[in-house]
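Visitor: My questions all concern the structure below.
Each value in this text was obtained by applying a stated rule to the coordinates, not by laboratory testing. These numbers come from a predicted model, not from an experiment. A quick note on method: Cβ atoms are made from the backbone with ideal geometry, for glycine too, and the neighbour counts reach across all protein chains shown.
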Amino acid sequence: MPSFNFTARDTSGRTQRGAQSAASAVVLAAELRARGWLVLDIQVAAETRVGIMDTLNPRGWLPVRSVDVEMTLQQLAVMLRSGLTLLNALHTAAEHSERLKLQRILRRVMVRIEEGSSFADALAEHAVFNNLTVQLVKVGEQTGNLDVVIVRASEAMERRRQLIQQVMTALTYPFIVLLAAIGVSLFMVLNVIPKLEIFIKALGRKLPPTTVMLMDISAWFRTNGTGLLVVLGIFVLGILFASQTPGLRGTLDRLVLRVPLIGRVMRVAGTALFARALGILLRSGVTVLDALRTMESLGTNRHLAGIVAKTRQRVFSGGSLAEALTEPGGFMPMLGRMIAVGESSGRLDEVLDEVARFFENQLAVLIRQLSAIVEPAIIVFVGGVVGFVYITFFLTIYAAAGSQK
């Protein structure tokens with residue numbers, strides 16, 4: 001079905017411009033007149049041809065980032081606030097999007113709206129828009145405050161992205177340093193020590209106990225290295241399999257929350273994300289039950305998501321939201337206590353915002369603590385391994401020189 005660009009004047013006298021698919025220009029004109037609009041101009045939209053260069057363009061296959069969706073939502077809010085229609089705003093946002101995949105998604109959303117679908121339902125068909133955004137847009141369509149809730153959705157996505165980046169930064173740095181330490185250790189054991197062993201055997205002298213131990217460790221790794229790699233590979237595959245299985249994923253995430261310091265970082269981040277998103281939903285007019293249903297899919301930790309699901313069931317049965325969130329090993333205990341205060345005062349959304357700010361600050365402190373603890377620990381570990389090898393080498397030389405006297 002061809003697409004047409006139209007210009008018309010609505011019943012209030014404002015000029016409306018947009019793009020719409022129709023069987024012909026006559027059919028489109030009839031549809032516009034049925035709305036009570038005065039048709040000023042209809043032109044066939046220029047077709048977008050995809051050539052070989054567009055296919056090879058990296059922008060065509062790069063995934064849509066969270067920040068791209070955030071910027072698009074902000075642009076939509078500004079254009080809607082300026083008086084543009086939703087279709088016009090979506091068309092403009094698609095034209096200015098840097099990601100070709102996002103352009104295609106926005107155009108599909110436009111087509112679904114033209115076919116009679118609501119904006120929220122059209123967004124729900126695409127995974128790049130999370131449930132929080134869809135829920136807020138649905139409320140905005142019902143209340144007429146679409147631009148306001150779209151801004152809130154963008155801010156919520158930004159907060160979530162920043163929290164995830166902070167947690168990833170806290171966990172990635174120690175992981176990279178640990179890999180470097182393991183790499184240095186393996187290099188010493190598999191490359192340096194065998195050369196040292198050749199030199200030591202050429203001396204034909206009695207060796208110190210540390211030298212013998214170091215040579216035995218090197219020999220064991222060279223003999224069993226392949227089997228060890230196979231075991232490690234099976235272990236990694238098992239972790240990946242568990243992370244894709246709902247039941248095992250919940251168990252794995254629960255164990256992660258119990259890891260010293262790292263588990264606390266995950267709990268604080270999950271609590272901050274929960275408080276921030278739930279506060280935005282409640283402030284936008286979403287009911288508690290619908291907000292909790294939306295929250296189940298926002299968190300990355302399945303154990304915390306399971307707690308949210310249990311909380312929704314308890315609230316549905318008449319229980320208190322604060323009591324349902326106090327399960328040990330889940331969200332931070334302060335969350336339940338502060339929610340109880342918000343429920344009793346009738347200012348739950350404001351209290352949740354305060355809780356979110358508190359735990360976001362706590363997360364920044366924990367990340368600094370994690371870096372301060374892990375960095376010197378890794379340095380001591382690497383220095384200990386390298387120092388032990390060098391000390392053993394010099395003790396061997398000293399023993400050989402002493403035996404010759």
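Visitor: Give me the net charge of Leu146's neighbourhood, meaning all other residues with Cβ under 13 Å from the Cβ of Leu146; Lys, Arg count +1, Asp, Glu -1.
Guide: Details: positive: Arg81, Lys138, Arg152; negative: Glu141, Asp147.
Net charge in that neighbourhood comes out at +1.
Visitor: With semi-axes √(5λ) of the Cα gyration tensor in Å as the read-out, I listed (1) 46, 21, 19; (2) 59, 30, 17; (3) 66, 25, 20; which label goes with the value calculated from this structure?
Guide: (2)
Visitor: If you don't mind, another one. Counting other beta carbons within 10 Å of each residue's own, what order do Phe393, Phe221 fall into, fewest first?
Guide: Phe221, Phe393
Visitor: Continuing with the same structure: Tell me, Met79, Met213 in order of fewest to most beta-carbon neighbours within 10 Å? Don't jump to the answer; show the numbers that get you there.
Guide: Numbers: Met79 19, Met213 13.
Least crowded to most crowded, the residues run Met213, Met79.
Visitor: For segment 52-129, what relative contact order do you get, as a whole percent, if you take Cα pairs closer than 8 Å and at least 6 residues apart? Display every interim value, and only then the final one.
Guide: Details: 58 pairs, mean separation 23.9, N = 78.
So the answer I get is 31 percent.
Visitor: Hey, another quick one. With only Lys, Arg, Asp and Glu charged, each at its Cβ (+1 for the first two, -1 for the last two), find how big the charge dipole of the chain is about the Cα centre; round to the nearest 20 debye.
Guide: 1120 debye
Visitor: Shape of segment 52-129 from its Cα gyration tensor (a ≥ b ≥ c, root eigenvalues): rounded if a/c is under 1.5, otherwise prolate when a/b > b/c, or oblate?
Guide: Details: a/c = 1.78, a/b = 1.50, b/c = 1.19.
Since a/c reaches 1.5 and a/b is larger than b/c, the shape of segment 52-129 is classed as prolate.
Visitor: Separate question: Treat the count of other C-beta atoms within 10 Å as a stand-in for reagent exposure and order Thr226, Thr133 from fewest to most.
Guide: Arranged by neighbour count, lowest to highest, Thr226, Thr133 become Thr226, Thr133.
Visitor: Answer with one residue from Val365, Val184, Ala377: the one whose Cα lies farthest towards the positive end of the charge dipole of segment 156-405, charges on Cβ with Lys, Arg +1 and Asp, Glu -1.
Guide: Towards the positive end, the residue furthest out is Val184.
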